[in-house]
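One structure is given here, and the rest of the page talks about it.
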Amino acid sequence: MRALRKAERTGRPPKLSTAQLRDLERALKRGPEVFGYASGLWTAARVRDLIEHRTGVRYHEDHVWRILRKLGWSCQRPTGKALERDEQAIRHWKKYRWPQIKKKRSASGVRSSSSTKAD
């Protein structure tokens, strides 16, 4: 019967307990601004510092991503726009310049010599 029992976990035991992981996730959901960061973007370095501050455990940034994936978090890109963006110039270009340079179909109906579509 002893041989049939489930084997213990192999390898190094985790440094963070289940309760610490739940606490970390609650902190992450509050956002980086709450912890003094200027932007609303979590980076591996910021999460590493948060883990160290809250638990005293220091991880390498690569391992932080493993922890985040374990918690169901994924790598995201910010949706912000460039500060130098000129909306008026963009609208003007789309309205006037783009139609001028956009490729148009030939009026004669003659197909391109590079066409691969069979007649």
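FYI, it's all coordinate maths here, none of it is from the lab. No experiment lies behind these values; they were computed from the predicted model shown. Using ideal geometry, Cβ is built from the backbone for each residue, glycine included, and neighbour counts are taken over all protein chains shown.
Miscellaneous remarks
- Using the average count of surrounding beta-carbon atoms within 10 Å as a protection proxy, the listed peptides 28-37, 93-102 rank, highest first, as 28-37, 93-102.
- Set of lysines near Lys102 by C-alpha distance (under 26 Å), chain-local residues within fewer than 8 positions excluded: Lys81, Lys94, Lys117
- Projected over all directions and averaged, the alpha-carbon convex hull of segment 13-70 occupies 3.8 nm².
- Under 27 Å from the Cα of Lys15 - lysines, other chains or at least 8 residues apart: Lys6, Lys29, Lys70
- Here the spin labels are modelled as points 7 Å beyond Cα on the Cα-Cβ line, and at Thr55 and Arg22 they lie 1.4 nm apart.
- Distance (nanometres) between label positions extended 7 Å along Cα→Cβ at Val34 and Arg9: 2.6 nm
- Neighbour counts of C-beta atoms inside 10 Å place Thr43, Thr55, Thr10 in the sequence Thr10, Thr43, Thr55, starting with the fewest.
- Ranked Arg54, Arg5, Arg66, Arg48, criterion: other C-beta atoms within 10 Å, fewest first: Arg5, Arg66, Arg54, Arg48
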